[in-house]
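Engineer: Before we start, here is the structure in question, set down as structure tokens.
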Amino acid sequence: MANILYIGGTGTISAACVRRSVARGHDVTVLNRGSGRRPLPPEVRSIHADVRDPEAVSAALGSADYDVVADFLSFTPEHVAAGVRTFEGRTGQFIYISSASAYEKPPRRLPVTESTPLRNPFWQYSRDKIACEDLLVAAHRERGFPVTIIRPSHTYDERLLPTLGGWTDIARMREGRPVIIHGDGTSLWTITHSDDFAVAFTGLLANPEAIGDAFTITGSHAPTWNQIYRWLADAAGVAEPDFVHVASDTIAALAPHLGPGLIGDKSHSMVFDNAKVIGLVPEFRTTITFDEGARRIIAHYDAHPGEQRLDADDDALFDRMAAHARSAGGS
């Protein structure tokens, strides 16, 4: 079994990967600041340091080497460059978590594959991920740095709502108030449970065939946004939700904080071909579809009312959007 260092380890995706790595018998260490967003299995060794402080990281790690380093916390080329400096020569595989939002928007062809160009003029987050990939690919080509690049799309667990307003949308549904859906709600959106993602991810750990390559990990479940919201309404016990459709460009204009991720990703139909990763991890498949995922999400929040956070600004904004749409004759 492999000796694995997770940088992060308590996020939506990484926590599931840590759990599965432990279940498969790997020796797992997690490096983070100790914020504890999600609990770690008792078998995990924890190291606390600020990953943005290379000297603190080096001091915390000492002289340890790892078969695999999985980096879930690098978002800019500066972050990645620091990781390369720290781990070059100290790991047999450096797994970088990029993003499927880096694939060209709007997509010219579906399904998206690993050969789809990387270009997103709408979202800085995605452009930064592309720049990170460029740096890592150059390190592999020039010096043999043992990188594997992973591109997840929308990956969730019981604590992550996929809607524009998060729990604010669920509260509005239950109060009988209008809930905004971007566009006409018919675009296809691939949505993947983190437990399914972890199957593919852990199958690439310490896998020599994955070195120097990039893999999309998304699963095959691609419902419409209307269906995603409908399943959440069903799970929340709302028989007749009031859904209002608003053009994505309008939402972006009225809510600039939502614009980049919407125009740069969610407003487009995104369907992916996972044949490449399945070729190395044949057991990977979608086992949790969002009808079940929605039930898990609502059950979690109903059991943890302290996490039911409402955003007053978004709440007021959605009222204005709904009134504007209805005055213009929208649904």
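Engineer: Could you say whether any residue in the range 57-65 is surrounded by fewer than 19 Cβ atoms within 10 Å (Cβ to Cβ), in contact with a His (Cβ under 8 Å, 6 or more places away or on another chain) and not in a loop (DSSP other than H, G, I, E, B)?
Structural biologist: Looking for residues that are surrounded by fewer than 19 Cβ atoms within 10 Å (Cβ to Cβ), in contact with a His (Cβ under 8 Å, 6 or more places away or on another chain) and not in a loop (DSSP other than H, G, I, E, B), one finds at least one in the range 57-65, hence yes.
Engineer: Filter the range 241-273 for residues that are among the charged types (D, E, K, R) and under 23 Å from A328 (Cβ atoms) and give the result.
Structural biologist: D242, D249, K266
Engineer: A follow-up question, please. Got a sec? Which helices (runs of 4 or more DSSP H) wholly within the range 270-331 have at least 3 residues that are more than 27 Å from L254 (Cβ to Cβ), in contact with a Pro (Cβ under 8 Å, 6 or more places away or on another chain) and touching a residue at least 60 places away in the same chain (Cβ under 8 Å)?
Structural biologist: Ranges flagged: none.
Engineer: Do we find that T155 is out of contact with any His (no Cβ under 6 Å at 6 or more places or on another chain), crowded, with 18+ Cβ neighbours inside 10 Å and closer than 18 Å to T218 by Cα in this structure?
Structural biologist: When the stated conditions are applied, T155 passes them.
Engineer: OK, next. Exactly one of (1) touching a residue at least 60 places away in the same chain (Cβ under 8 Å); (2) buried (at least 17 other Cβ atoms within 10 Å of the Cβ); (3) farther than 30 Å from E158 by Cβ; (4) within 21 Å of the chain's Cα centre (by Cα) is unmet by V68. Its number?
Structural biologist: Unmet for V68, out of (1) touching a residue at least 60 places away in the same chain (Cβ under 8 Å); (2) buried (at least 17 other Cβ atoms within 10 Å of the Cβ); (3) farther than 30 Å from E158 by Cβ; (4) within 21 Å of the chain's Cα centre (by Cα): (3).
Engineer: Something else now. I'd like the full set of residues that are more than 25 Å from the chain's Cα centre (by Cα) and either surrounded by 16 or more Cβ atoms within 10 Å (Cβ to Cβ) or among the aromatic types (F, W, Y) (or both), limited to the range 277-331.
Structural biologist: L317, M321, A322, A325
All of the numbers you see were taken from the coordinates with simple rules; none came from a lab. If you're wondering where the values come from, they're calculated on a predicted model, not measured in any experiment. With ideal geometry, Cβ positions are generated from the backbone for all residues, glycine too; neighbour counts draw on all protein chains shown.
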